[in-house]
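**Q** Have a look at this one.
Nothing in this text is a laboratory measurement; each read-out follows from the coordinates by a stated rule. From a predicted model like this one, the values you see are computed outputs, not experimental measurements. Virtual Cβ from ideal backbone geometry, glycine too; neighbours counted across all protein chains shown.
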Amino acid sequence: MSLMINRVQIAKAFLGGNMEFKASLSNNASLLRYLNLFRECFPSAKHYSIKYLKWLYRYNPCGRVIGYDAFVENQLVAHYACIPVNLKLHHNK
């Protein structure tokens, strides 16, 4: 899948206030949109799959993803996600 909207259109929408922001979701339709966007942006990354995104976003033992999506003309053009992780730093959790 290729983005139907080019970078110039995305920038104009952002600057003109015509970009819509929504909280990220982890349902199947949203994960498929994220997968398509990731494949468009990172074509050489082979680790993205629906199975991986379901685990990372929905079934992550550290918690669910929190993020926002940006849409222009109902097309996902950006996705920002905070993925919870357990961190051990200097022997402290």
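**Q** Projected onto the charge dipole of the chain (+1 at Lys/Arg Cβ, -1 at Asp/Glu Cβ, origin at the Cα centre), which of N28, P61, I50 gives the Cα projection farthest towards the positive end?
**A** Result: P61, furthest along the dipole toward the positive end.
**Q** Moving to a separate point now. Report, by chain and number, residues whose modeled amide H sits under 5 Å from the one on A78, excluding near sequence neighbours (fewer than 5 apart, same chain).
**A** A70
**Q** Give me the lysines in straight-line cross-link reach of K12: C-alpha distance below 21 Å, same-chain residues under 8 apart excluded.
**A** Candidates past the 8-residue exclusion: K22.
**Q** What ³J(HN,Hα) values, in whole Hz, does the Karplus curve 6.51 cos²θ - 1.76 cosθ + 1.60 give for region 77-91 when θ = phi - 60°, with x put for Gly and Pro?
**A** Listing the rounded values in order: 10, 7, 8, 10, 9, 9, 9, x, 9, 8, 10, 10, 10, 6, 6 Hz.
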